Each structure stands twice: as C-alpha cells, then as structure tokens.
1. Could you please find all residues in the range 25-40 being more than 13 Å from residue 111 (Cβ to Cβ) and over 11 Å from the mean Cα position of the chain (by Cα)?
2. Looking at residue 171 and the list (1) surrounded by fewer than 17 Cβ atoms within 10 Å (Cβ to Cβ); (2) of a type in the set (Val, Ile, Thr); (3) at pLDDT 95 or above, which single condition is not satisfied?
3. Here is a list of conditions, (1) crowded, with 17+ Cβ neighbours inside 10 Å; (2) free of Cβ contacts under 8 Å to residues at least 40 places away in the same chain; (3) among the acidic types (Asp, Glu), and residue 58 meets all of them except one; can you say which number that is?
4. Can you find a residue in the range 12-19 that is touching an Asp or Glu at 6+ places or on another chain (Cβ under 8 Å), hydroxyl-bearing (Ser, Thr, Tyr), touching a residue at least 40 places away in the same chain (Cβ under 8 Å) and surrounded by 17 or more Cβ atoms within 10 Å (Cβ to Cβ)?
5. Taking the condition within 25 Å of residue 187 (Cα to Cα), out of contact with any Gly (no Cβ under 9 Å at 6 or more places or on another chain) and of a type in the set (Lys, Arg), does residue 19 pass?
6. So residue 99 passes all but one of these: (1) touching a strand residue (DSSP E or B) at 6+ places or on another chain (Cβ under 6 Å); (2) surrounded by 15 or more Cβ atoms within 10 Å (Cβ to Cβ); (3) not small (Gly, Ala, Ser). Which condition number does it fail?
7. So, residue 33, is that one surrounded by fewer than 21 Cβ atoms within 10 Å (Cβ to Cβ), modelled with pLDDT of 95 or more and among the β-branched types (Val, Ile, Thr) or not?
8. Which pairs have Cβ atoms under 6 Å, sit 6 or more apart or on different chains, and link a residue in the range 65-90 that is touching a residue at least 12 places away in the same chain (Cβ under 8 Å) and crowded, with 19+ Cβ neighbours inside 10 Å to one that is part of a helix (DSSP H, G or I) and β-branched (Val, Ile, Thr)?
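The values are calculated or read from the model by the stated rules, or taken from the named source; none is laboratory data. The structure presented is a predicted model; accordingly, all values stated were derived computationally and were not measured. Cβ atoms come from the backbone with ideal geometry, glycine included; neighbour counts cover every protein chain shown.
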Amino acid sequence: MEKKLAREEAWELLTEYVKTESLLNHALTVEAVMCHFARLNGEDEEVWGVAGLLHDLDYEKYPEEHCEKAGEIMEERGVDPVYIRAMKCHGYGICTDTRPESKMEKVLYTIDELTGLIHAACLMRPSKSVLDLEVKSVKKKFKDKGFAAGVNRDVIKSGCDMLQMELDEVIQETVLGMRERAEEIGLKGNL
C-alpha cells in the first residue's frame, strides 16, 4: 500500500466535497458496515472503513461523473490505489466497468445499495430504529419493488453471488454493522 489513509484524513477529504447530511450519513453507514465485514473476514477495519467512507466522494458535486471524478481527486491527493479501485468497483455495471475482485471490493459493491434499503426500512418502523429490525422485515421490503424504488436490487443480488453468501446472511450482517453505530447514523430511533 502506498499510503494507508487515516480515518481522520478520509473524513476531511469527504467533508471537503460532501456537505449534504443525508450523503454524509450514508457514508458513515457504509463505513460502519464495511468495518463490521472487515472484522468478520479478519481484515483491516480502518482500510475497509475508509473505502466505505470515500465511496461517494464525488456524488454530490459531480453526479454526472460519479466514480470518474472521485478517482481523479483521489489520485491528485496521492491516495492509495486500493481505495480508488474499491470506489470504482462500487459503481460496477452502473457507471464503471471496474469489476470487484477483492473481498473488500465485493462487500462494498454489495452493501452500498443494501444500506439504503435498510435505512429506508428503518424509517418506516414505529421505532424508527435499526436496533429492532429483523431480516424478514428487510426481505419483505426487498421484494416490494415499489419500496425504495431507487435501490438497485440486481446489484445486491449480484454482489451476494460474488461473495458466495445468501441474501439473508448479507442482510443480517449489514443490519448488525449498522446497529454498532445506530446512534451515529441516526437510526437509534426511540429505543
């Protein structure tokens, strides 16, 4: 690795380009889930977390150049290619042709859309919380194409296949990752 990016540096870079609370919240959510999956896989939590934190670096300012502009920004800053590649992989088949290969890239690709679906599902609950959310509730929302219609379910399914994991297991681990930082990501609700 050229330069392992410290979490603080990654946050500074992110907040330089992202100002919208919902996008910052999404970045924190993906970071939390990436850290959780890193632990499950015996990998470096900070590396995986930073990859999650930076994945939408350019989305607010350059939506038409999503992933391309972030790559340029990160290269200019001397950010390690491992983060640039992971960021590009999360847009595989949508805005890039960089296919996820490493476990970290596959997890990021899979959980990016899934965290959006889970977040929306939490907000529909009386508790407004991820802490009491069950897999079956998420599965029900997953099957309802009208719910969180912007969430690309094919990407999630494709990611599960890449990871050789069942959808239920990926949902479960993603929910657990989100629970770890429920308060920080605004999903503690009224519990």
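1. 39, the sole residue that qualifies.
2. Among (1) surrounded by fewer than 17 Cβ atoms within 10 Å (Cβ to Cβ); (2) of a type in the set (Val, Ile, Thr); (3) at pLDDT 95 or above, the lone unmet condition for residue 171 is (1).
3. Single failed check for residue 58: (2).
4. Yes, that holds for at least one residue.
5. For residue 19, the condition - within 25 Å of residue 187 (Cα to Cα), out of contact with any Gly (no Cβ under 9 Å at 6 or more places or on another chain) and of a type in the set (Lys, Arg) - is met.
6. So residue 99 meets the others, but not (2).
7. no
8. 71/84; 74/84
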